[in-house]
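This report refers to the structure that appears directly beneath it.
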Amino acid sequence: MMMFARLLGALGAGFAIAMLTGCQASSQSPGAGALPPSVVRAARERDLLYVSSLAGSVSFYTYPQGKFVATLSNSDGEGGLCSDRQGNVYVPSPEFARVTIYRHGRTTPIDTLVDDSGPLECALDPRSGDLATASEAGVLEVYPRGRGTPSSYSIVGVATLFFCTYDDKSDVFADGEDDAGSFELVELEHGSSTLKVLTVDAIVPDGTAIAWNGKELVLQTAQVDGTATFAFVKVSGANGKVVGTTGLTAAPNSYGPTQFWLEDGTLIEPDGGNADVGFWNYRAGGSPTKTLQSLGSELIGVTVSR
């Protein structure tokens, strides 16, 4: 079984976010039939929310309204998603060892990158346009300007990398697990040729999702009593210090951590065990401000294309 699916199944109901409370909004299901071409063309002029599933499908919706637009062809998603400043959307496929690229609002791919490491998630550097992928082989791949042949980075003891993100200095952070299944956090500093293992002054489960909030790393940590906790981590040298946390209302679900998207104070994450996607004010915490329902099963990845 694919490493990502194994991770999600193993972590169980006590960990990842679920989107079962708050203001709810209905959305047309991806299986409800194709929309007229004129509707799809009009949607290209808007921001779009892309959602992937472990089944490999990737569909997109108007953002923030959540109206279904279309489903990508030949995507084989199965993992996280990312998008660049031009609105191009990158879809990793660990099973088929590739990253498929789509233009904003288009359903057919414009390019495919070979990634033999088995990419699980990706991140774009907004400064350089470089693409990073985290892989089930424990390899961080970096594609210059999001194309061509990548540079590969790994470090002894790190077995798998699940999630990755860039900071505002073009440094890449990725988290995963070591050979014993414990949490690992690594950094590839801009201009460096080697990965660096970071320590964090908190107990963090393996497989936690990760993002950059403009000032700190944000790690999704364990859910306790219906609250999913996100820790803000300030990195200095080889050390990560937790400088704050926020709790989001979350009901139990059967899958474990899914990718989350974070920008302008809004956190968006799919519910791996149900068919919903929730929106939160992540600084304020609490209940979701909106829930999109019936978007498909086994949801795992999300990104917003501007």
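The values are calculated or read from the model by the stated rules, or taken from the named source; none is laboratory data. Being a predicted model, the structure only gives us computed values, none of them experimental. Methodologically, a virtual Cβ is constructed for each residue, glycine included, from the backbone with ideal geometry; neighbour enumeration extends over all protein chains shown.
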Quiz item: So residue 161 clears everything in (1) more than 20 Å from the chain's Cα centre (by Cα); (2) crowded, with 20+ Cβ neighbours inside 10 Å except one condition, right? Which one?
Solution: (1)
Exercise. Kindly provide the set of residues from the stretch 119-156 that are within 13 Å of residue 100 (Cα to Cα) and in a loop (DSSP other than H, G, I, E, B), ordered by number.
Key: 147, 148
Quiz item: Can you pull out the residues in the stretch 94-118 that are under 15 Å from residue 83 (Cβ atoms), outside any loop (DSSP other than H, G, I, E, B) and of a type outside the set (A, V, I, L, M)?
Solution: 100, 102, 111
Quiz item: Applying the selection to the stretch 157-195, what residues are of a type outside the set (Phe, Trp, Tyr), part of a strand (DSSP E or B) and either closer than 22 Å to residue 126 by Cβ or in contact with a His (Cβ under 9 Å, 6 or more places away or on another chain) (or both)?
Solution: 161, 164, 165, 172, 174, 175, 185, 186, 187, 188
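Please find, among 43, 16, the residue that is at pLDDT below 65 and either among the aliphatic types (A, V, I, L, M) or closer than 23 Å to residue 265 by Cα (or both). Before you say what the answer is, go through the steps one by one.
Details: 43 fails: at pLDDT below 65.
Just a single option satisfies the conditions, and that option is 16.
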Quiz item: Which residues, counting only those in the stretch 181-232, are in contact (Cβ under 8 Å) with a residue 60 or more places away in the chain and on the phi > 0 side of the Ramachandran plot?
Solution: 207
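With the requirement that a residue be surrounded by fewer than 20 Cβ atoms within 10 Å (Cβ to Cβ) and modelled with pLDDT of 95 or more, what does the stretch 143-152 give you? If you could, list the steps in order and put the result at the bottom.
Restricting attention to the stretch 143-152, the residues satisfying the condition of being surrounded by fewer than 20 Cβ atoms within 10 Å (Cβ to Cβ) are 144-145, 147-149, 151-152.
Hits for the stretch 143-152 are 144, 151, 152.
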